[in-house]
Amino acid sequence: MLIKRPPDVLPSEITPESVYRRRRDFLRTAAVAGAGLLLPGLLSAPARAAKIEGVAPGPFGTDEEPTPYDAVTGYNNFYEFGTGKSDPAANAHSLRTRPWSVAVEGEVAKPGVYDIEDILKWFPLEERIYRLRCVEAWSMVIPWVGFPLAFLVKRVEPTSRAKFIQFVTLHDPEQMPGQKRPVLQWPYVEGLRMDEALHPLALLAVGLYGETLPNQNGAPIRLVVPWKYGFKSIKSIVGLRFVEGQPETSWNRAAAGEYGFYANVNPAVDHPRWSQARERRIGEFLKRDTLPFNGYAEQVAGLYGGMDLGKNF
Amino acid sequence: MKPNPTPTRRVPPRWLKPAVFALCLLPLALLAWRAVSGGLGANPIEAFIRHNGDWALRLLLLTLAVTPLRRLTGWTWPLRVRRMIGLFAFFYATLHLLGYVGLDQFFDWPAIGADILKRPYITIGMSAFALLVPLAATSTDAMLRRLGGRRWQRLHRLAYLAAGAGVLHFLWLVKADLREPLLYAAILLLLLGFRLVRFLRRVHGARHPA
């Protein structure tokens, strides 16, 4: 006789996600309202962005526990909105992400100014759970939503002269109040070598946690290069320039001895002011060892064959 | 001959010391409140270290403001609480250091040693703390008597050096936005400049007696 053990959890017992979320929202609202009575105006419920439909899981995902949403969206370096870690979440509401266009210039067959809505229609979106390692020796695990940078690069058809891409962020001190002070030279610029840009790990992200990218995380479209330090992953992109020579990058311009063009995560090469050997995963107490190329060495180490990464840091 | 009776001084109110003590504890209370309310953010260890470092430096600068304040206003009551403020500065500096050693590095002594040798801002920060230790250790009346007023005073001028090292420590660790450490540097230069001007005037006055 076949003894069938019933499953531990019957499908009928599973709370539908929408109900579960409503419950959480209710609890959050209740808690905040309660606190709000004591501290009017000090606390507000984090506004969640719109859900992105039709996102398929992509390759290269890690099964590590993602960093909580509130930390990913509340602890940011985005100097255009202030130099404190909580400044971007507090100030980025002034950024208008629609209408938004991305200018493609330089050594390409199809230069142009492309509307973000069009770009979003060109490629299917996928979810990629990547590790992020900040040059300040902290790290996160973030479920991004986006598409490979290579898709966009190939679509605009770079010429044989295009060896690098320079990325440019919006420059508008009215929308980005941090730009009213010359903390860095604005607009923020970054760059990749063409083979890095074409690597399947390099992602253009438009969302995280299945939802539209919050402004403080680089809305509406940002770069994610998970084997490099976070400052390389430029936010709120308005321009891609395809160029022959290695382009200028913001942090390299500000302090060349501390921030190289390549910025590959490398535990063996210290930042002058702190060791890169270890890192603190946000939410954890003890530090963990930093992995070469942030754990993506198997995929990307080949890009740097024959290069002295102590010099090309 | 009988010594002159000490001139009648205005006695500071009895609540002065308890009030300053409570004020100096406020940053600690604020830290505790932030810790339980989630106000330390996603990286509470960094926030803990930063908070205590900020207050160590602010209180240290406050102790250096006492003498200029007395000269300018004639108030004597700040003198009565200077030692307490200085000890609180040492208290927050200790929490700051413990945060780095225990929470940030988790007592990884080789890593801490390498940090001290390799990174100027850690080296200078450690020096600032080391300079504060003899000041805290000789803060009692008994130590003042044992050392004698002049020697004690000379020793406690190390506070100038400690504050300078503290400001430099802050300046060197900031990546790009230097406003806050530069503000502290300006305050320190003002407070030390006041002393320098007085010193030069005294030397000048001694050479050319009026």
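The values are calculated or read from the model by the stated rules, or taken from the named source; none is laboratory data. The structure presented is a predicted model; accordingly, all values stated were derived computationally and were not measured. Cβ coordinates were reconstructed from backbone atoms using ideal geometry, including for glycine residues, and neighbour counts include every protein chain displayed. When the accessible area is computed, the model is the full protein with side chains, heavy atoms only, and any ligands, DNA or RNA have been set aside. Shrake-Rupley method; radii C 1.70, N 1.55, O 1.52, S 1.80 Å.
Quick check on my filter: what residues within segment A:104-126 are within 20 Å of the chain's Cα centre (by Cα), part of a helix (DSSP H, G or I) and among the hydrophobic types (A, V, I, L, M, F, W, C)? Let's see the steps before the verdict.
So the first thing to find is which residues in segment A:104-126 are within 20 Å of the chain's Cα centre (by Cα), and the list is A:116-117, A:119-120, A:123-126.
Then drop every residue that is not part of a helix (DSSP H, G or I), which leaves A:116-117, A:119-120.
Listed by number, the residues that qualify are A:I116, A:I119, A:L120.
Scanning segment A:61-75 for residues that are facing chain B (nearest Cβ under 9 Å) and open to solvent by 50 Å² or more (accessible area, probe 1.4 Å) gives A:P68, A:D70.
For segment A:91-120, how many residues are among the aliphatic types (A, V, I, L, M) and open to solvent by 60 Å² or more (accessible area, probe 1.4 Å)? Please lay out each step first, then the result.
Of all residues in segment A:91-120, those among the aliphatic types (A, V, I, L, M) come to A:92, A:95, A:102-104, A:108-109, A:113, A:116, A:119-120.
From the residues that got through so far, the ones that are open to solvent by 60 Å² or more (accessible area, probe 1.4 Å) too are A:109, A:113.
So the count comes out to 2.
Considering only residues in segment B:86-108 that are open to solvent by less than 30 Å² (accessible area, probe 1.4 Å) and of a type in the set (S, T, Y), the one that is farthest from the other protein chains (Cβ to nearest Cβ) turns out to be B:Y92. Looking only at segment B:57-75, decide whether some residue is open to solvent by 50 Å² or more (accessible area, probe 1.4 Å) and within 14 Å of chain A (Cβ to nearest Cβ). Within segment B:57-75 (the criterion being open to solvent by 50 Å² or more (accessible area, probe 1.4 Å) and within 14 Å of chain A (Cβ to nearest Cβ)), the answer is no, since none of the residues qualifies. Mind checking whether some residue in segment A:202-224 is away from every other protein chain (no Cβ under 13 Å) and more than 21 Å from the chain's Cα centre (by Cα)? For segment A:202-224, residues away from every other protein chain (no Cβ under 13 Å) and more than 21 Å from the chain's Cα centre (by Cα): absent. Of the numbered criteria (1) within 9 Å of another protein chain (Cβ to nearest Cβ); (2) crowded, with 20+ Cβ neighbours inside 10 Å, the one A:A263 fails is (1). Counting only residues that are more than 25 Å from B:V133 (Cα to Cα) and among the polar types (S, T, N, Q), segment B:38-80 holds 3 of them. Condition (residue is surrounded by 13 or more Cβ atoms within 10 Å (Cβ to Cβ), in contact (Cβ under 8 Å) with a residue 24 or more places away in the chain, within 14 Å of chain A (Cβ to nearest Cβ) and touching a Lys or Arg at 6+ places or on another chain (Cβ under 8 Å)) applied to segment B:158-176: is it met by at least one residue? Within segment B:158-176, one or more residues are surrounded by 13 or more Cβ atoms within 10 Å (Cβ to Cβ), in contact (Cβ under 8 Å) with a residue 24 or more places away in the chain, within 14 Å of chain A (Cβ to nearest Cβ) and touching a Lys or Arg at 6+ places or on another chain (Cβ under 8 Å). In segment B:56-71, the residues that are closer than 11 Å to B:L192 by Cβ form Cβ pairs under 8 Å with partners that are surrounded by fewer than 23 Cβ atoms within 10 Å (Cβ to Cβ) and among the hydroxyl-bearing types (S, T, Y), at six or more places apart or across chains, as follows: B:L61/B:Y184; B:L64/B:Y160. Out of all the residues in segment A:76-90, which are surrounded by fewer than 20 Cβ atoms within 10 Å (Cβ to Cβ) and among the aromatic types (F, W, Y)? Scanning segment A:76-90 gives no hits.
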